[in-house]
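Just below is one structure, and these are the notes that go with it.
All of the numbers you see were taken from the coordinates with simple rules; none came from a lab. No experiment lies behind these values; they were computed from the predicted model shown. As a convention, Cβ positions derive from the backbone with ideal geometry for all residues, glycine included, and neighbour counts pool all protein chains shown.
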Amino acid sequence: MDKLLIQGGTPLAGEVAISGAKNAALPILCASLLSSEPLQLSNVPHLNDISTMLRLIAQMGVEVTLDGADGLVLDSRGLNNPLAPYDMVKTMRASILVLGPLLARCGEAKVSLPGGCAIGARPVDQHIRGLQAMGAEIHVEQGYVHAKAKRLKGARIVTDMVTVTGTENLMMAAVLADGETIIENAAREPEVVDLANCLVAMGAQISGAGTDVIRIRGVERLHGAAHPIMPDRIETGTYLCAAAATGGNIRLVKTSAAYLDSVVDKLLDAGCEIATERDAITLKAPRKLKAVSLRTAPYPAFPTDMQAQFMAINCVADGAAVIRETIFENRFMHAVELIRLGADIKIDANNAVVTGVPRLDGATVMATDLRASASLVIAGLVAQGETLIERIYHLDRGYERIEEKLSRLGARVKRVH
Ligand code: EPZ
């Protein structure tokens, strides 16, 4: 398995381009199942999760054609196998996003239940309950969700909690349903809005995306469209944290601070100078960061996907901070690895108290999940000496060419096989 070897201590400097958003691209790839006409995508990130999703829809009968450096054309005219098998779903829970589109387009679907994952049980009961409200007959047996519906009917759905992929699955199911669907307590994440924009380009009738009430009026069919994937706000935030932790000065292009207000606010509180342009953002770090407390919550509050990265910068900040994780039940696994690098972190249920230390010292650490691995990279960049990060396949799921982009910013990092 690949590892990442980092020589810490170099402030990041320079400019890199941010890739398309993984968490917008994944549902949008599934949206191609909804129309028999081609969907042309651009700014698609080259990530393992994207390749996995492409393999999954290709074995259903979708024709995938590469189109330039970061483009794809998806043609699901030949869709004939509404099945998502366990051996593909187990590697990526977002596979559940094919359920709604398959039901809407084919009237049936057999989708393996996604296993839990390191950060939590991550059930899909809200996806199932919402589809049942729209008239789907669903039963779960032998680890598969079996779903059938001649034609889904519009319904009013109130999810028990804010769920990003739950909102996305139900929105995609609703676009071809008979009548109007109202999703209340809907997720407001920018990736939900990007999916809605793509669906509208395909002829769907959706209003309210980005608010907690989304209305979808079903239509007979969708047509083809062309859609650029929005920039990845979590990749953007991750590089901002890496520059902040290393006392750096960087410029990120092909991105925007528009969807990162809560993260930018915390970086400003930590003493960073941040300038935003239409499609770029620059950060100049202070010599010493101030510790910042935070509490994760659904958008527009502080994103859980940035919690691990902020724990890393608090490890070397001045003072103590409290980090409260309210979305997932087990998303502090990076803490024990950071402690191996010399961090002072005390975990109490879903609270972590991080007290800044004068320095971290390189060591061998192990990545456990995607964003935890990003926090280990940040810590390795600031630690004295050499840090070896194992199991970086987690990183490759969500960060395109990370060692290349970091090297371009002056980091001393290389991938070892
Ligand atoms: C999406 O996951 C993202 N993944 C996650 O990013 C992100 O951390 C999460 O939203 C929260 O922002 C994608 O978009 C592909 P949820 P999702 O449904 O949709 C509970 C990353 O690092 N819940 O919003 O799976 C759930 O257990 C990944 O890129 C139910 O109980 O998250 C969690 O506690 C990690 N039943 C909470 O709701 C359900 O049916 C929020 O989960 C659905 C969710």
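Annotations
- Residues Met202, Met306 arranged by fewest to most Cβ contacts within 10 Å: Met202, Met306
- The range 233-345 - share of DSSP beta bridges that are antiparallel (%, nearest 5): 70 percent
- Using 0.36 nm per residue and subtracting the Cα-Cα separation, the extra length available between Ser207 and Ala118 on full extension is 28.5 nm.
- Of Lys290/Lys346; Lys22/Lys150; Lys288/Lys405; Lys22/Lys266, those spanning more than 30 Å from alpha-carbon to alpha-carbon: Lys22/Lys150
- Span from the the range 270-312 Cα centroid across to the the range 54-97 one, whole angstrom: 34 Å
- For the range 214-310, the list of trypsin sites (Lys or Arg not before Pro) that fall in a loop by DSSP and count at most 15 other C-beta atoms within 10 angstrom reads Arg221, Lys254, Arg278, Arg287, Lys288.
- Charges were assigned to the Cβ only: +1 to each Lys and Arg, -1 to each Asp and Glu. The resulting dipole of the chain about its Cα centre is roughly 220 debye.
- For Thr165, neighbours were defined as the other residues whose beta-carbon sits under 15 Å from its Cβ, and their charges (Lys and Arg +1, Asp and Glu -1) total -3.
- Neighbours of Leu79 by Cβ distance under 10 Å: Lys/Arg scored +1, Asp/Glu scored -1, total 0.
- Residues Thr276 and Lys346, FRET efficiency given R0 of 35 Å [Cβ-Cβ distance, rounded to 0.05]: 0.50
- Taking trypsin sites (Lys or Arg not before Pro) across the range 2-101, the ones in a DSSP loop with at most 13 further Cβ atoms lying within 10 angstrom of their Cβ are Arg77.
- Three-way shape call for the chain based on the alpha-carbon gyration tensor, with the a/c threshold at 1.5: prolate
- Local electrostatic count, Pro358, Cβ distance below 14 Å [Lys/Arg +1, Asp/Glu -1]: 0
- When the charge dipole of the chain is built from unit charges on Cβ atoms (+1 for Lys and Arg, -1 for Asp and Glu) and taken about the Cα centre, the candidate among Val264, Leu56, Thr246 whose Cα reaches farthest toward its positive end is Thr246.
- Taking other C-beta atoms within 10 angstrom as a stand-in for reagent exposure, Cys117, Cys30 fall in the order Cys117, Cys30, fewest first.
- Per-bin percent of Cα-Cα distances, the range 26-113 [5 Å]: 3, 16, 29, 27, 17, 7, 1
- The alpha carbon centroids of the range 373-417 and the range 188-245 are separated by 29 Å.
- Fewest neighbouring Cβ atoms within 10 Å first, the residues Arg105, Arg359 line up as Arg359, Arg105.
- DSSP bridge pairs, the chain: antiparallel proportion in percent, nearest 5: 70 percent
- Principal-axis analysis of the Cα atoms of the chain puts helix 164-174 at an angle of about 20° to the longest axis.
- Cα shape, the range 66-186, gyration tensor, a/c 1.5 rule: rounded
- GNM result for the chain, Cα springs below 10 Å: residue of Gly20, Gly135, Gly166 fluctuating most strongly: Gly135
- A simple spin-label model places pseudo-atoms 7 Å from Cα toward Cβ; at Arg221 and Arg287 they are separated by 6.8 nm.
- Those residues of the range 1-42 whose amide nitrogen sits under 19 Å from the label point placed on Leu388, 7 Å along Cα→Cβ: 1-9
- Computed from the Cβ-Cβ distance with R0 of 25 Å, the FRET efficiency linking Val158 to Arg324 stands at 0.45.
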